[in-house]
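Step one of this worksheet: look at the structure below.
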Amino acid sequence: MNKRQQNSTNSALVTGLTAIQEQAAILLASGDSVTEVAEKVNVNRTTIYQWQQKISFKCFYNQQCQIIQDNIRNGLCGLYAEALEAVRGCLQSTNEAARLKAAMYVIGKVEMIDASRQDPEAEIRKLCTSIESPLDWDVIKPHKVLDERKYKELMKDNGLM
């Protein structure tokens with residue numbers, strides 16, 4: 001196995017995705033449409049939609065969105081002083097103020113997106129766990145039961161086993 005194949009295999013073990021699936025998630029998170037992504041990674045649009053249903057794909061996509069948000073936030077902090085100057089300058093021009101207002105609206109919307117980092121294995125475990133009431137009424141706490149068969153099946157379907 002050459003180094004490229006080994007890196008691809010290592011990546012699949014970490015994310016549960018192939019390199020092409022990872023590339024597709026990154027492109028989607030970057031704002032490309034499903035059609036554009038399908039063309040770029042050379043698969044059918046239906047394939048992209050199927051990938052989007054996989055928990056491991058959703059989690060990786062959300063991680064990429066979080067990285068983008070972090071980069072935007074860092075970039076915005078770096079522009080803080082200039083932004084204050086721009087606000088001062090825009091107060092004198094109606095056209096400039098309209099553009100600034102629109103930019104602030106977009107930034108506010110991006111910051112509101114909840115794309116917290118997720119662990120695909122933990123998400124699958126949650127899906128496969130149910131709470132059962134105890135048969136013995138003296139026992140107050142219900143307990144959680146993991147459906148091992150369903151868990152293994154979903155782990156395998158998401159490329160994590």
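Here, each number is a calculation from the coordinates, and none is a lab measurement. Since the structure is predicted, the reported quantities are computational estimates derived from the model, not experimental observations. Cβ sites come from the backbone with ideal geometry, for glycine too, and all protein chains shown count toward neighbours.
A few points about this structure:
- In the structure shown, the pairs Lys54/Lys101; Lys58/Lys101; Lys58/Lys152; Lys40/Lys156; Lys101/Lys126 are assessed against 30 Å; a Cα-Cα span above that value is assigned to Lys54/Lys101; Lys58/Lys101; Lys101/Lys126.
- FRET efficiency, 1/(1 + (r/R0)^6) with R0 35 Å, evaluated for Val145 and Ser30 via beta carbons: 0.30
- Computed from backbone phi, the HN-Hα couplings of the stretch 35-46 come to 4, 5, 5, 4, 5, 5, 9, 6, 9, 6, 4, 4 Hz, rounded to whole numbers (Karplus: 6.51 cos²θ - 1.76 cosθ + 1.60, θ = phi - 60°; Gly and Pro given as x).
- Length gained when the stretch Arg45-Lys101 is fully extended (0.36 nm per residue, less Cα-Cα span): 16.6 nm
- Length gained when the stretch Glu132-Val14 is fully extended (0.36 nm per residue, less Cα-Cα span): 39.3 nm
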